[in-house]
Amino acid sequence: MKANHESTVPATGFIRQRALIPHIVPVSASTWWRWIAQGKAPKPVKLSDRVTAWRAEDIRGFLAAQGSGQ
């Protein structure tokens, strides 16, 4: 993943999938969910029955790990 979108990720808060894919993490939604199932991407947080999001801190850590080649 070559795009560096860490600067667009807020320091704290939550990020919904439509803001995350493909704008911050340039992969398809199915790839993203497969990575979550495999433990390669952070697990989402259920904010309500119909709202799923990711902690901004978790996404920043994920992007940093991708940038360092891990």
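The values are calculated or read from the model by the stated rules, or taken from the named source; none is laboratory data. Everything numeric in this text was worked out from a predicted model, so none of it was measured. Note: ideal-geometry Cβ built from the backbone for every residue, glycine included; neighbour counts use all protein chains shown. Ligands, DNA and RNA are excluded from the accessible area calculation, which covers all protein heavy atoms including side chains. Shrake-Rupley method; radii C 1.70, N 1.55, O 1.52, S 1.80 Å.
If you take the residues in the range 16-26 that are assigned to a loop (DSSP other than H, G, I, E, B) and in contact (Cβ under 8 Å) with a residue 24 or more places away in the chain, which one is most open to solvent (accessible area, probe 1.4 Å)? Filtering first and then ranking leaves Pro26. Inclusion of His5 among residues that are surrounded by 14 or more Cβ atoms within 10 Å (Cβ to Cβ) and modelled with pLDDT under 95 is warranted. In the range 51-68, of all residues being surrounded by 13 or more Cβ atoms within 10 Å (Cβ to Cβ) and assigned to a strand (DSSP E or B), the one that is nearest to the chain's Cα centre (by Cα) corresponds to Trp54.
Might you check whether a residue that is at pLDDT 95 or above, open to solvent by 60 Å² or more (accessible area, probe 1.4 Å) and among the aliphatic types (A, V, I, L, M) occurs anywhere in the range 27-40? Yes, the range 27-40 has at least one match.
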